[in-house]
Amino acid sequence: MNTALMLCDAAPAAPAPQAGGMGMLVPMLLILAIFYFMMIRPQQRKEKERRKMIEELRAGAKIIFAGGLMGTIQEATEKTFKVEICPGTTVEIARSCVSGVVPTEEPAQK
């Protein structure tokens, strides 16, 4: 019986006030903007520079493959390169496999 009285005396808790949908929209947009400028935009710029570098490659350039091999371009076609990785060994690779250009060593000027 005491339990029944306790339950009857307890008033129902008032519902917590709910924030409007606009209250969450501003922080979410702020997070998305920060994410875009810190992650997506720099990656797009880097990929654009990489594509430009690959388009400018010609025969005779020394390159590094994505797998770490290095070689000299013998022939450049629209979609592939024929690359000599060691004397007498030529392989054909896709342009997208090129990760960088090996800088040429120029003799020091006196």
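The values are calculated or read from the model by the stated rules, or taken from the named source; none is laboratory data. These figures come from a predicted structure and were not determined experimentally. For neighbour counting, all protein chains shown are included, and Cβ atoms are generated from backbone atoms with ideal geometry for every residue, glycine included. Calculation scope for accessible area: heavy atoms of the full protein, side chains included, ligands and nucleic acids excluded. Shrake-Rupley method; radii C 1.70, N 1.55, O 1.52, S 1.80 Å.
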Count of segment 61-79 residues which are open to solvent by less than 70 Å² (accessible area, probe 1.4 Å) and more than 23 Å from the chain's Cα centre (by Cα): 6
Complete set of residues in segment 28-54 that are more than 12 Å from the chain's Cα centre (by Cα) and among the acidic types (Asp, Glu): GLU49
Pairs with Cβ under 7 Å, 6+ apart, first in segment 54-79 and within 22 Å of GLU105 (Cβ to Cβ) and of a type in the set (Ser, Thr, Tyr), second open to solvent by less than 80 Å² (accessible area, probe 1.4 Å) and outside any strand (DSSP E or B): THR72/GLY60
Segment 31-46 residues that are in contact (Cβ under 8 Å) with a residue 12 or more places away in the chain and over 26 Å from GLY100 (Cβ atoms), paired with ones that are outside any helix (DSSP H, G or I) and open to solvent by 100 Å² or more (accessible area, probe 1.4 Å) (beta carbon under 7 Å, 6 or more apart): none
Qualifying residue in segment 94-102 (condition: open to solvent by 50 Å² or more (accessible area, probe 1.4 Å), at pLDDT below 90 and small (Gly, Ala, Ser)): no
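Look at ILE85 and say whether it is among the aliphatic types (A, V, I, L, M), touching a Phe, Trp or Tyr at 6+ places or on another chain (Cβ under 8 Å) and at pLDDT 90 or above.
No, not satisfied.
Residues are listed down the side, and each one gets a yes or a no for (1) closer than 14 Å to ILE93 by Cα; (2) among the small types (Gly, Ala, Ser):
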| position | (1), (2) |
| --- | --- |
| VAL26 | no, no |
| GLU47 | no, no |
| LYS52 | no, no |
| LEU57 | yes, no |
| ILE64 | yes, no |
| GLY67 | yes, yes |
| THR72 | yes, no |
